[in-house]
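Visitor: Take a look at the following structure, please.
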Amino acid sequence: MARRLPLRDGEWIDRGRPLRFTFEGREYSAFAGDTISSALLANGVRVLGRSFKYHRPRGVFSAANHDSNVLLQSDSDFNIRGDVTAVADGMRLTAINTQGGLDKDRGRFMDRLSPLLPVGFYYKTFHRPKALFPFWENQIRKRAGLGRIDTQWPELRLPKRHGFCDLLVVGAGPSGLSAAITAAESGARVWLVDENARAGGSLNDRQDGTLRDQLLARLAGLPNLTFLPDTVAAGWYADHYVPLVTPEGLIRLRARAVIVAGGVYEQPAVFRNNDLPGVMLASAALRLARRYGVAACESAVILAANNDAYRNALELKALGTDIKAIVDLDDPEARGDLHDAVKSAGIAVHGRSTVYSAEGEGLLAAVTVCALDAEGRAKPETAQRIDCDGLLMSVGYAPAAPILYQAGTRMVFAEIPGQFVPEQLPPGVFACGRVNGVFDLDARVADGAAAAGEALAHLDMQTGPAARPGRSSERMSHPWPVFPHPKGKNFVDLDEDLQLKDLERAAAEGFDNIELLKRYSTVGMGPSQGKHANMNAVRILARLNNQSIGATGTTTARPFYHPVPIKHLAGRRLRPERRTPMHGWHRDHGAVFMPAGHWQRPKYYGPAPEAEAIRAEVMAVREGVGLIDVSTLGKVEVFGPDAARFMDQLYTLKLSTVKQGMTRYALMVDEAGVVIDDGVCARWGEEHFYVSTTTTGAEAIFRQMQRMIGEWNLKVDVVNRTSQLASMNIAGPLTREVLQPLTDVDLSQAAFPFLGARQGRVAGVPAWLFRVGFVGELGFEIHVPAAQALHVWEALVEAGESKGIRPFGVEAQRQLRLEKGHLIVGQDTDGTSSPFDANMAWAVKLDKPFFQGKRSLQILKERAANRLVGFRLPGNHPGPIPRECHLVIHDDDIAGRVTSIGYSPSLKAWVGLAMVDKALADAAQLSIRVEGAVIIQADVVPTPFYDPEGLRQKPETAGEVSA
Amino acid sequence: MPLRLLKNAFSDAPDPRFFNTPRGLRDSYDVVIIGGGGHGLACAYYLARDHGITNVAVLEQGYIGGGNTGRNTTIVRSNYLTPEGVKFYDESVRLFQDLAEDFDLNIFYSERGHFTLAHTDAAMRTMRWRAEVNKHFGIDSEVVDRDTIAEAVPMMDLDCGGEHPVLGALYHAPGAVVRHDAVAWGYGRGADKRGVEIHQKTRVTGIRVVQGKVTGVETDRGVIKTGKVISMVAGSTPRVTKMAGITTPIVIHPLQACVTEPMKPWLDTIIVSGSLHVYVSQSSRGELVMGAALDPAILHSTRSTLDFVEGLADQMLDLFPFLGNSKVMRQWAGMADMTPDFAPIMGRTAVDGFYIDAGWGTWGFKATPVSGKTMAWTVANDKDHALIEPFSLARFDRFELVGERGAASVGH
């Protein structure tokens, strides 16, 4: 019977703070500091969960964060690990994955079906007949999974911190404490983390706490040593970047060096019913007793294969456990003094024997012990029953090495002490203590200090590290703790309910290397990621293959060390939103915003309904004057002796010939000749250009510029002015009347021609002005310092009030440019469109000596397969209107798509652009397949649709032919 | 309860081996396939089954299916953008649908429906484009509105926490998930049964080419004579093509993925968001299988990064806010061969007898059956199969790129 032990010094629970909680509907008491498992055991509850596949009863096994069969459900969480999660007052817990509760789980019948369900059975079943598979799959999905998520749970996010240190020590047992203290005493900034609530590691589980107390006293006096309990070093990433999972949130720690002192996982033996509640690792029983004051059992048998087993027997006996026997897989005489000590303590020892099976209905009641033959096999004829309610296994260990593996450590198998040990560590990564194969307590302390010396030497903080004490010369892990019983239920992986025969069968079916064995059988793929199963799986496979353990190898260790909650990984929700200086004004004037990358831009200005508002905005620009905020455009200044050459090489047009005080269209293609960006390039000086980019391309194009300066080795510098300067475009026939009174720049045709660029002041603010015409009216783009932009904007609005000035949004601008046939990169072009496809051959100067994409464009000039054409729906078009990306159909095949479409208030017609097969470029009509697979006809018309001569943006030149 | 299970009640005997371990390499083979992943094993299977070519060796430096076959997120779909892509992947989906029957092995081919979410007007346009092209070729694919999505995935926050709400989606009903390893094992077993030799832990170190013609393959276990070599690897493509004296425009980016601890199934569909860089489905073990965009930098490595899993977790909570207490159990990476036009490289090459099947980027798993089948045909006939003609290596010399990049986004 499990029970609470009398109060003892050093325990982790606070008996002055009782708590109440419920489990499976019954109320229990606990003390602050109890884990769920320890509290339940203290209440005499030993069946704590059901297994994943067969729904077998399971209890405490490791009490060390790999009891995957003790996962719990609460009102707000699931897959709660009972063996390490502290009880909170008022918790309401149930076991996961049961049907009708833990005791009466209707899933129990699966255990009886287990002979029908050998490894991999689902690959061989349910697929015939094909039509029934969805039914079976549905059944499988009903049984799949562990705990249940509630989709009404609130969003949880924990803040993140960053940490920096010279040395991270993972694990605060004797070697880790020694390493951290040694390094900190030499002046290094040290972080020490341990997943347990307190430091000390296995020192906490011994009667003699002297060494622990000494080390903790030294630890406490070191201001440059940060100790984090309850903290998991969840993985190792390049350059010693280690996420620390704390109860408060994730810490991204960048260390200069890492010492792994994570110790070992005690390993189970494989025998019949080794999963019965009451069968556990000896370390679990000690941990429960010393830390939580809980006796896991009344009378125990100890299965032994190392000297620790004898020490554990003596420790537990001192705590009041009736040790019925030690069953030693080896010769007890070789244990020397320890053997004598247990004998004098009155403990029976069965040498060269094993536990052949555990007995009991749902709870351990007895074990069957058999002598071993010369080959280490159990001799059933020697069977002997020993009643007990605890079977405690001390048969070996596996290193807690995932962090070492992730860092790239090469591990080799050492027969003595019988585990994988580091052979070659990457720079800045060190290991000490039991993970390094050092077991003797004094040696572990010395190994930690030596590892600290090596780490300090690596950090150039100390030379001449101390010598390592050397690995254990005792065998700590039995080479073959596997005693198959012909009746089965010899479990290897408790997470996944895998038995020895499953692994044997998998190997026999061809999955006989360790990675394939894992994938076919799922060994090691459960929540504990094989911490108690992988080593035995390797041993079993090695024996089946008649190979050494080293040659058999291990599976790849990947992050995370323990699973990490999404709330830790996600962190706080930070979504950058960029706003132009006029954002508040837009909002106050009824703007409806739309996202443009990280920016928010006015789509249109209410309160009028969308279509009506957009139409009014368009007409304002066409007939009066309009104002749009274009601050989101990318803006780059280009300086240097090679600036002109740089611009020529970056863009398709010849920009070196742009005269000072003038602008030119700038089109960029990538190396494949695909259009990627466009803008306007102005020239301020011989070696000084200013170029705009699209809103979405701003960051990428600036990066590309920086890269190409280096690649082409030019004397050029680029300055990203996107955020420093705000810009607005005032356009419409009444523009001059509004703008001229506010500026010292002469806006007359003679002084400021179309495509001109000028510097001056607007509303008293230094400004750059460009006379450009994206919307097809007389207009000026005004760039001013962001801090004064709102002032300029408001001045323009005020000055334009009498002229009916109207702000306009992105949708009106799209409509206006469509009427002019101007394309939008990324909408009217796609990831394959060349300028020739886009009907922009005029924007490519192939006679330049070199520019980005030239070679591709030389080829594509003759071959471009598509052409962007304008179309117009007949005036009396009655049918459905095409939408963007509806297909153009020719001869029943796809011949293009609509890229832009809109109703032109100016033309009183639907107009659009379509990217079509070149062969259709000169067709009179296009067939467009619209909603409902209806085909409609559209007339192909030249662009611009509106003001084809461009007279409106250059009214003074009326009558001349534009270039 | 299917009868197949009852058989187990009477016999504990294992089934026959899926694949044998051949004693050693023979002196010569008719065809040598480099790479024992899904593609290589599928090609071996179809060579043997459809063309009677069984004197074949598959050489695998690690273990069967240990590369990207075992690292992908198991999604199969055919809602591509270009006619070439749509036809090719549609054939792959059709082959997948019958694979369990062909193999007599349950590959858990599970049609769950595939939503590609659109959060911007631009994305909505692309979805419509894909849907229109798909429908033209008879693929079940349509643009759906928020209400339709809400009905199918009621627990998803369509407002995504505030910014970039879902505007609609491309819905592809045949979108499926498959047990990826089983696909490789099924092909491997079928090939093995027909006489193909699968050599694991056998590394190719050189390819012998005499006067523009393949004559043999060098391995760490000896030299083999053969007139036909097919490179069907990923990540190592540049290393193998270099041995044959061929260059490709492939660059390698890592692609990462992760899984959570198992939970009771609540998500039946496949959800993809290019804008949020998320794709997710829930496996029949109850794990959420999640991925994001390619790593931005060129890198020949399968290392994992913390940024990846942090970013993914952050965006997942925008779609599924209740997942905070779910735990990510394991993360990993594969190496994606990226081509300039986001389409594969398949077929004959300038070296006589050297065939290539590469450049599979992030879409290789879903092409496993059709790649194997068309490559087997190509090798058997020494002529590029019609479905793969657009994907020939020579297209880069001729500058005849495939337009799949036209809708470049997270493509899963």
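Visitor: Report, in whole Å, the centroid distance computed from the Cα atoms of the range A:403-430 and the range A:309-368.
Guide: What the calculation gives is 32 Å, centre to centre.
Visitor: Right, next: So how tilted is helix A:282-292 from the main axis of chain A? Cα-based, degrees 0 to 90, rounded to 10.
Guide: Orientation of helix A:282-292: about 80 degrees from the principal axis.
Visitor: Now for a separate question. To the nearest 10 degrees, how steeply does helix B:83-103 sit against the main Cα axis of chain B, on a 0 to 90 scale?
Guide: 80
Visitor: Of the lysine pairs in chain B, how many meet both conditions: Cα atoms under 22 Å apart, and a spacing of 8 or more in sequence or different chains?
Guide: Within chain B, the lysine pair count is 22.
Visitor: How big is the charge dipole of the protein assembly as shown about its Cα centre, in debye rounded to the nearest 20, if each Lys and Arg gets +1 on its Cβ and each Asp and Glu gets -1 on its Cβ?
Guide: Approximately 1320 debye in magnitude.
Visitor: Can you list residues from other chains, or at least 5 along the same chain, whose modelled amide H is less than 5 Å from the amide H of B:VAL278?
Guide: The answer is B:SER273.
Visitor: Oh, and also: Using helices alone, I'd like the mean residue ellipticity at 222 nm for chain A: each DSSP H run of four-plus residues gives -39500 (n - 2.57), total over residue count, nearest 500.
Guide: Using -39500 (n - 2.57) per qualifying helix, the result is -6500 deg cm²/dmol.
Visitor: Using each residue's phi in the range A:601-611, evaluate 6.51 cos²θ - 1.76 cosθ + 1.60 at θ = phi - 60° and report the 3J(HN,Hα) Karplus result to the nearest Hz, with x for Gly and Pro.
Guide: So the J values, rounded to whole Hz, are 10, x, 7, 7, 10, x, x, 4, x, 3, 4.
Visitor: Also, I was wondering about something else. From other protein chains only, count the Cβ atoms within 10 Å of every residue's Cβ in A:858-866, then give the mean.
Guide: Per-residue shielding by partner chains comes out at 1.
Visitor: Using only protein heavy atoms and a 1.4 Å probe, how much accessible area in total is buried between A and B, to the nearest 100 Å²?
Guide: That pair hides around 9100 Å² of surface in total.
Visitor: Taking beta carbons within 10 Å but only from partner chains, what does the mean come to for residues B:308-319?
Guide: 5
Visitor: Next up: Calculate the mean, over all residues of peptide A:123-136, of how many other protein chain Cβ atoms lie within 10 angstrom of the residue's Cβ.
Guide: Counting other chains' Cβ atoms within 10 Å and averaging over A:123-136 gives 5.
Visitor: A follow-up question, please. Where the eigenvalues come from the Cα gyration tensor of the range A:3-113, what are the semi-axes √(5λ) of the equivalent ellipsoid, largest first, in whole Å?
Guide: The three semi-axes for the range A:3-113 are 26, 14, 12 Å.
Visitor: On to the next question. Can you quote the Å³ per residue value for the convex hull of the Cα atoms in the range B:314-412, rounded to an integer?
Guide: Expressed per residue, the convex hull around the Cα atoms of the range B:314-412 is 137 Å³.
Visitor: What would the Debye equation give as log₁₀ I(q)/I(0) for chain B at q = 0.14, 0.15 Å⁻¹, counting only Cα atoms as equal point scatterers?
Guide: Here log10 of I(q) over I(0) equals -1.26, -1.40.
Visitor: What are the ³J(HN,Hα) couplings of the range A:421-438, residue after residue, when phi is run through the Karplus curve with 6.51, -1.76, 1.60 and θ = phi - 60°? Round to Hz, x for glycine and proline.
Guide: Result, rounded to whole Hz: 10, x, 10, 9, 9, x, x, x, 10, 9, 9, 8, x, 5, 5, 9, x, 9.
Visitor: Which one, B:VAL76, B:VAL223, B:THR368, projects farthest toward the positive side of the charge dipole computed for chain B from Cβ point charges (K/R +1, D/E -1)?
Guide: B:VAL223
Visitor: Calculate the FRET efficiency for B:SER28 and A:TYR241 from the Cβ-Cβ distance with a Förster distance of 45 Å, rounded to the nearest 0.05.
Guide: Numbers: r = 50 Å, r/R0 = 1.11.
Rounded to the nearest 0.05, the efficiency is 0.35.
Visitor: Sticking with this structure for a sec: Rounded, prolate or oblate, given the Cα gyration tensor of the range A:634-720, with a/c below 1.5 counting as rounded? Please report the intermediate quantities before stating the final value.
Guide: On the way: a/c = 1.42, a/b = 1.19, b/c = 1.19.
Rounded, because the longest to shortest axis ratio a/c is under 1.5.
Visitor: Using a probe radius of 1.4 Å on heavy atoms only, what accessible surface per residue do you get for the range B:1-157? Whole Å² is fine.
Guide: Details: 5840 Å² over 157 residues.
Averaged over the residues of the range B:1-157, the accessible area is 37 Å².
Visitor: Then there is this: Hey, in the GNM for chain B with a 10 angstrom Cα cutoff, which one of B:SER281, B:SER11, B:SER110 fluctuates hardest?
Guide: B:SER11
Visitor: OK, next. Could you tell me which of B:LEU323, A:ILE901, B:SER283 has its Cα farthest along the dipole of the protein assembly as shown towards the positive end, charges placed at Cβ (Lys, Arg +1; Asp, Glu -1), taken about the Cα centre?
Guide: Positive-most Cα among the choices belongs to B:SER283.
Visitor: Rounded to whole Å, give me the distance from the Cα center of the range A:90-148 to that of the range B:225-302.
Guide: Here the answer is 30 Å between Cα centres.
Visitor: Sort out for me the Cα centre separation of the range A:514-591 from the range B:96-151, rounded to whole Å.
Guide: Distance between centres, Cα-based: 27 Å.
Visitor: For A:ARG189 and A:ASP103, calculate 0.36 nm times their separation in residues minus their Cα-Cα distance, and state this gained length in nm to one decimal.
Guide: That works out to 25.8 nm of additional length.
Visitor: Check B:ILE345: other-chain or 5+ apart residues with amide H under 5 Å from its amide H, H built from backbone geometry?
Guide: Here B:ALA358, B:GLY359 satisfy the definition.
Visitor: Under a point spin-label approximation (7 Å from Cα along Cα-to-Cβ), what is the B:ALA122-B:THR21 distance to one decimal in nm?
Guide: For the pair B:ALA122/B:THR21, the computed spacing is 5.4 nm.
Visitor: Can you work out the accessible area per residue across the range A:268-395, with the rest of the protein chains kept in place, probe 1.4 Å, in square angstrom? Provide the component values of the computation, followed by the final result.
Guide: Working: 3910 Å² over 128 residues.
Accessible area per residue: 31 Å².
Visitor: Let me ask another. Among B:LYS87, B:LYS228, B:LYS135, determine the one that fluctuates most according to a GNM of chain B built with springs between C-alpha atoms less than 10 Å apart.
Guide: B:LYS135
Visitor: Follow-up question, since we're still on this one. What ranking of A:SER29, A:SER178 comes out by heavy-atom accessible area, probe 1.4 Å, highest first?
Guide: Correct descending sequence by accessible area is A:SER29, A:SER178.
Visitor: What value in Å³ per residue do you get for the convex hull of the alpha-carbon atoms in the range A:268-395?
Guide: So the per-residue Cα hull volume is 90 Å³.
Visitor: For the range A:481-574, report the % of Cα-Cα distances exceeding 22 Å.
Guide: Within the range A:481-574, distances greater than 22 Å cover 32 percent of Cα pairs.
Visitor: Over the C-alpha atoms of the protein assembly as shown, what are the Rg and the largest Cα-to-Cα span, Dmax, in Å?
Guide: Over the protein assembly as shown's Cα set, Rg and Dmax evaluate to 35.7, 120 Å.
Visitor: In sequence order, what are the phi-derived ³J(HN,Hα) couplings for the range A:907-913 according to the Karplus relation 6.51 cos²θ - 1.76 cosθ + 1.60 with θ = phi - 60°, rounded to whole Hz, with x for glycine and proline?
Guide: My calculation for the range A:907-913 gives 9, 6, 7, 7, 10, x, 10 Hz in order.
Visitor: Looking at this model, which pairs from A:LYS820/A:LYS845; A:LYS603/A:LYS954; A:LYS820/A:LYS908 are more than 20 angstrom apart at the alpha-carbon?
Guide: Violating the 20 Å Cα-Cα cut-off are A:LYS820/A:LYS845; A:LYS603/A:LYS954.
Visitor: Residue farthest toward the positive end of the dipole of the range A:367-485, with Cβ of Lys/Arg at +1 and Asp/Glu at -1: which of A:SER394, A:ALA374, A:ALA457?
Guide: A:ALA457
Visitor: Would you pull out the residues with amide H under 5 Å of A:ARG256's amide H, same chain only if 5 or more places away, H placed 1.01 Å from N?
Guide: A:CYS165, A:ASP166, A:LEU167, A:LEU168
Visitor: Here is a further query. With only alpha-carbon atoms in the gyration tensor, what are the semi-axes of the equivalent ellipsoid for the range A:864-957, in Å, largest first? It would help to have the intermediate numbers written out before the result.
Guide: Details: eigenvalues 122, 53, 19 Å².
Calculated on Cα positions only, the semi-axes equal 25, 16, 10 Å.
Visitor: Work out the length of the dipole vector of the range A:268-395 about its Cα centre, built from +1 on the beta-carbon of each Lys and Arg and -1 on the beta-carbon of each Asp and Glu, and round it to the nearest 20 debye.
Guide: Computed about the Cα centre, the dipole is about 300 debye.
The values are calculated or read from the model by the stated rules, or taken from the named source; none is laboratory data. Everything numeric here is computed off the predicted structure, so don't read it as measured data. Cβ coordinates were reconstructed from backbone atoms using ideal geometry, including for glycine residues, and neighbour counts include every protein chain displayed. The accessibility values were calculated without ligands, DNA or RNA, using every heavy atom of the protein model including side chains. Shrake-Rupley method; radii C 1.70, N 1.55, O 1.52, S 1.80 Å.
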